[in-house]
Amino acid sequence: MGAMIRHPRWRASGLALWAAGALACAGGQEAPVKAPAEVLGAAIGRWMAIVEPPAGTAPPAVSATLKVIGADGLPEQAVGQEIRLSFQAPDRIRIAFEIEGRQLEMGRAGQQLWCYAPRKAFGIVGSADVPRFATRPDSVDRSPLPPFMLPVPREQLILLPLLMQLDALPSETVDGARCFGMRGRPQPQAIEALKIPDGELRIWVRESDYLPARLDLRDGRGRRLALEFRGIELAESRPAGAWRLEAPPGARVETVALAHVRRFLPAALSILSLKPIPALGPATGTRRLLAAEGEGRLEDHDGTKVLFLKGTPEEMGRQHGVLLRREARNLVDRILYGVGVGSSFEKGRWFLGEIEEAQRRLAPFLDERHLREMDALADAAHLDREEVRLANLFPELFHCSGFALFGRATAGGRMYHGRILDYMRGIGLEPNAVVIVHQPEVGHAWVNVSYGGFVGSVTAMNERRISLGEMGGRGEGQWDGKPMSLLVREVMEKASTLEEGIEIMRRGPRTCEYYYVMADGNSKRAAGIAATPGSFEVIGPGQAHPRLPHAIEDAVLLSAGDRYEKLVERVRERYGSIDAQAALRLMERPVAMKSNIHSALFAPETLDLWVANADSENVASHCRFTHYNLAELLQPPAAPAR
């Protein structure tokens, strides 16, 4: 629905444009017109009359079921999806659909937006009177919702048949109605002069009333979306009350900030229409500067992004926000408003209220230096400070495999620490992947396998040869402590030995339930840690545990279920001869899950690391690993040639 509105916050997917636009191609009866240009012109006229009806006329309520009958370049589960849609100009709409068997309903009634999950009997209603953030009562956004409008001015839309090469297609019967068919492509002059994207549209409209029956849209990049419109009905205008949320007795409905619901809709649609992420080609050792800000800089290393941050919290935050502004904004949209708000309808609880409660309880334990860095990042990226703070707390609400091998287990006794992050692959974080080199004014320098906009860490190694990886567990809601990702950062910036790192973790205070593998390249020792707010266990190499029954000398292996058994099997098969390449293969499927978004291998003795990020086709452990060395990354950049 967003594509019918010129307001930037309401622009959505091509599916919404064609669905709502084609539904509007309705009106009075006329004699059939068989020339393709005339058929298209007549259909456009119906469209305009429904979306922007003449002054003084009552707009009809239009309803239909849209079925996706073909989709290339979109998620496989899109085919067969049905969307029930009703629309009435200028500001009323209802949509109902299913995602993985879970029904979701959305609607607009004038200046009200709402969403409802029948299975959870939970809904939200957006109100312009509710502050965006509980910590800021003055954060009320009363910006009015604009009316639904045609995607382009009427004058341009009327010219559309003249801008296309049109051919008649054989008539067909669709949903019981006899239909005209046509095929159209933009004229070459229109593509060049008006920047119209190349592609092909095939459309079938009913001979009786020019209502749409089928759309088949193909772009110039091999993507295709085909829709059928079933059971189209026109009715008299419905009153405003018919478009509001009608929750059954006993349902839980929360009134929330309208601005948050506005952000959720385009964020969710963007996740459903992600651009393909190509696989990386062979590494060639190339390294080039992309941009600089103060003492910070962004480089390209063999097709991967490496961000260098240096200085005070304010300086590092500004460097981060300037150099990765797009990525930081994407993080907030996808994590906070897309996945976060979307999770409300799975849990039956308002996500932003929940994470603000987490923030309130975490606040006494937060390092003010980290808050200063987040705020500077937000200012530089043109984001609200509260949004960046909340997005950085996200791991506390959503909950991988790791190992450390050394001594007798490896070739030459070299230490390897592997980390597999099985977490939210496919929601759009992959293009934001970045290796961050932190050089704070206070504390150790360290390298962070991360994502733009995120100041904490779950996968890291510092210059003192301490490496650390986290694995999530349960314990959601136990928030009275330091956020896990910032506790990992504290270890990186303060610990010089394994013992110091373990002690920082032990002191905490900790939140939720997490597991860690920590390695020390100086002493060639490692440990597994199982931690909750009230318990702390250290699992040494060669030590069995009720959840980790296989004790292997000079090895710490943490995983679960069949993944743990496969990891043990692989280590035993190569025991005593494991080198870097063999260690990388330990992380392949099925040890890595389908959600494996990044994998990393550290060699803390030499400060080497290998990092892989998932692409559209493969989990991270099956993608190219890029090699870096922290000692080399910490060297001052070469002076530009004169």
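Details
- Residues in the stretch 610-626 that are open to solvent by 10 Å² or more (accessible area, probe 1.4 Å) and in contact with a helix residue (DSSP H, G or I) (Cβ under 9 Å, 6 or more places away or on another chain): 610, 613, 615, 616, 625.
- Wholly within the stretch 158-227, strands (runs of 3 or more DSSP E) carrying at least 2 residues that are over 33 Å from the mean Cα position of the chain (by Cα) and over 23 Å from residue 84 (Cα atoms): 164-174, 177-186
- Test result for residue 157, farther than 30 Å from residue 258 by Cα, of a type in the set (A, V, I, L, M), open to solvent by less than 50 Å² (accessible area, probe 1.4 Å) and modelled with pLDDT of 90 or more: no
For (1) of a type in the set (Gly, Ala, Ser); (2) open to solvent by less than 10 Å² (accessible area, probe 1.4 Å), each residue gets a yes or a no:
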position	(1), (2)
376	yes, no
385	no, no
403	no, yes
406	no, no
411	yes, no
419	no, yes
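- Within the stretch 64-88, the residues that satisfy the criterion of being surrounded by 18 or more Cβ atoms within 10 Å (Cβ to Cβ) and either within 30 Å of residue 275 (Cα to Cα) or at pLDDT below 90 (or both) are 64, 66, 68, 71, 74, 81, 85, 86, 87.
- Scanning the stretch 522-535 for residues that are open to solvent by 10 Å² or more (accessible area, probe 1.4 Å) and closer than 19 Å to residue 603 by Cα turns up 522, 523, 524, 525.
- The residues on offer are 630, 607, and the sole one that is open to solvent by less than 70 Å² (accessible area, probe 1.4 Å), at pLDDT 95 or above, on the phi > 0 side of the Ramachandran plot and of a type in the set (A, V, I, L, M, F, W, C) is 607.
- Taking the stretch 31-62 as the range and being open to solvent by less than 70 Å² (accessible area, probe 1.4 Å) and either touching a Lys or Arg at 6+ places or on another chain (Cβ under 7 Å) or on the phi > 0 side of the Ramachandran plot (or both) as the test, the residues that pass are 48, 61.
- Enumeration of residues in the stretch 300-330 that are open to solvent by 10 Å² or more (accessible area, probe 1.4 Å), within 27 Å of residue 625 (Cα to Cα) and either among the aliphatic types (A, V, I, L, M) or not in a helix (DSSP H, G or I) (or both): 300, 301, 302, 303, 304, 305, 310, 323
- Against the conditions (1) of a type in the set (Lys, Arg); (2) surrounded by 16 or more Cβ atoms within 10 Å (Cβ to Cβ); (3) not in a strand (DSSP E or B), residue 297 satisfies every one except (3).
- In this entry, residue 339 passes the filter for residues that are more than 14 Å from residue 454 (Cα to Cα) and either assigned to a helix (DSSP H, G or I) or at pLDDT 95 or above (or both).
- Index of the failed condition, residue 474 passing every other in (1) surrounded by fewer than 17 Cβ atoms within 10 Å (Cβ to Cβ); (2) closer than 13 Å to residue 404 by Cβ: (2)
- Top-ranked residue of the stretch 179-199 - restricted to ones that are farther than 17 Å from residue 157 by Cβ and surrounded by fewer than 16 Cβ atoms within 10 Å (Cβ to Cβ), ranked as modelled with the highest pLDDT: 188
- Scan of the stretch 228-250 for residues that are in a strand (DSSP E or B) and open to solvent by 70 Å² or more (accessible area, probe 1.4 Å), ordered by number: 230, 233, 234
- Among the residues of the stretch 578-596, those identified as outside any loop (DSSP other than H, G, I, E, B) and either polar (S, T, N, Q) or over 27 Å from the mean Cα position of the chain (by Cα) (or both) are 578, 580, 581, 582, 583, 585, 596.
- Residue list for the stretch 463-491, restricted to those being closer than 19 Å to residue 521 by Cβ, in a loop (DSSP other than H, G, I, E, B) and touching an Asp or Glu at 6+ places or on another chain (Cβ under 9 Å): 464, 465
The values are calculated or read from the model by the stated rules, or taken from the named source; none is laboratory data. Bear in mind the structure is a predicted one, so any value in this text is a computation, not a measurement. Because the Cβ atoms are built from the backbone with ideal geometry, glycine has one as well, and the counts that use them run over all protein chains shown. In case anyone asks, the SASA skips ligands and DNA or RNA and just uses the protein heavy atoms, side chains included. Shrake-Rupley method; radii C 1.70, N 1.55, O 1.52, S 1.80 Å.
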